[in-house]
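Since the structure comes first, as structure tokens, the remarks are kept for the end.
Values in this text are rule-based calculations from the coordinates and carry no lab data. Everything numeric here is computed off the predicted structure, so don't read it as measured data. Note that we place each Cβ from the backbone using ideal geometry, even for glycine, and neighbour counts take in every protein chain shown.
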Amino acid sequence: MADLKDKVAVVTGAARGIGQAIAVKLASCGANVVLCDLKEEWLEETVALVKEQGVEVLTYSVNVIDGEAVKEVVADVVKTCGKIDILVNNAGITKDTLLSRMSEEDWDAVLDVNLKGTFLFTKAVARPMMKQRYGAIVNIASIIGLIGNAGQANYAASKGGVIALTKSVAKELASRNVRANAVAPGFIDTAMTKDLPEDVKNQMMSAIPMKKLGQPEDIANVVAFLAGSDSSYMTGQVLTVSGGMVM
Ligand code: NAI
């Protein structure tokens, strides 16, 4: 298990699903966690789970697309905790529809949260991380950003963008001992996938060699590895966690 004792880890979209599992996993490895989501009250369940691990927890209500708010959160965390060691850009949304029906609003909304939100948080933590000569940034991408998907042009573009952003940030910050890596989950059992039409789910399942959905903890385990010193010579990498769906 990764040793993250006394590290400070910021997790966006931490109220539920993969973000919640990441927060709990990092806490179980000893990290103090900073939970961000659209509404602070949505974070109550995650706070309780994190506290069971005996670490410190802070919560912020922040929309990742609001650059000023993101800067304020990062400044406040640095002031309160003295540092930020780990950033997990997990907040994400889908607005799936075929290209011909996709509105500009659907395009912009998904690109804003998934890609611009990742950029804004990464930019905000870059300075304190460079200054302290230490940092691990882990971005939650998607296999769809690697292989594309009908009905998800906006989502695929945003996650492909996250992968390209990750590699560029990795190259820019490597000399300051700040690493940036991405995880590309496959089909994970969360609210995001619960409402997919049954035929889409069946089609996905038939494409997964391991014949089961991933659990949020499967992603959290890999995030903890990328956040800790076991991966200290890895940067700019994309680890696919998809039950073999993408090889
Ligand atoms: P989810 O919908 O269960 O949770 C997303 C969280 O992000 C929610 O708590 C939501 O309130 C928060 N959020 C959304 N917009 C936000 C904003 N503008 N500012 C702050 N917080 C915001 O989703 P899930 O499944 O846990 O996904 C987490 C990440 O994993 C996303 O980036 C998603 O694209 C990615 N992913 C999920 C897969 C899946 O199969 N569930 C597969 C591949 C990637």
Notebook entry, point to check: Of all residues in the stretch 177-203, which are in contact with a Lys or Arg (Cβ under 7 Å, 6 or more places away or on another chain) and surrounded by fewer than 15 Cβ atoms within 10 Å (Cβ to Cβ)?
Noted result: Ala191
Item checked: Pairs with Cβ under 9 Å, 6+ apart, first in the stretch 150-178 and under 20 Å from Arg133 (Cβ atoms), second of a type in the set (Phe, Trp, Tyr) and in a loop (DSSP other than H, G, I, E, B) -> Arg176/Tyr134; Asn177/Tyr134; Val178/Tyr134
Item checked: Residues of the stretch 189-199 satisfying the condition of being out of contact with any Ser or Thr (no Cβ under 9 Å at 6 or more places or on another chain) and in contact (Cβ under 8 Å) with a residue 24 or more places away in the chain -> Asp189, Thr190, Ala191
Notebook entry, point to check: Is at least one residue of the stretch 35-42 touching a helix residue (DSSP H, G or I) at 6+ places or on another chain (Cβ under 7 Å) and either over 28 Å from Arg133 (Cα atoms) or of a type outside the set (Asp, Glu) (or both)?
Noted result: yes
Next item on the list: Quickly run through the stretch 95-108 and pick out the residues that are closer than 13 Å to Ala157 by Cβ and either within 9 Å of the ligand (Cβ to nearest atom) or not in a helix (DSSP H, G or I) (or both).
Entry: Lys95, Asp96, Met102
Next item on the list: Inspect all residues belonging to the stretch 88-100 and state whether any of them is surrounded by fewer than 22 Cβ atoms within 10 Å (Cβ to Cβ) and within 18 Å of Val73 (Cβ to Cβ).
Entry: no
Checklist line | Residues of the stretch 5-28 satisfying the condition of being away from the ligand (no atom under 11 Å from the Cβ), over 13 Å from Leu87 (Cα atoms) and touching a strand residue (DSSP E or B) at 6+ places or on another chain (Cβ under 9 Å) | finding: Asp6, Val24, Ala27
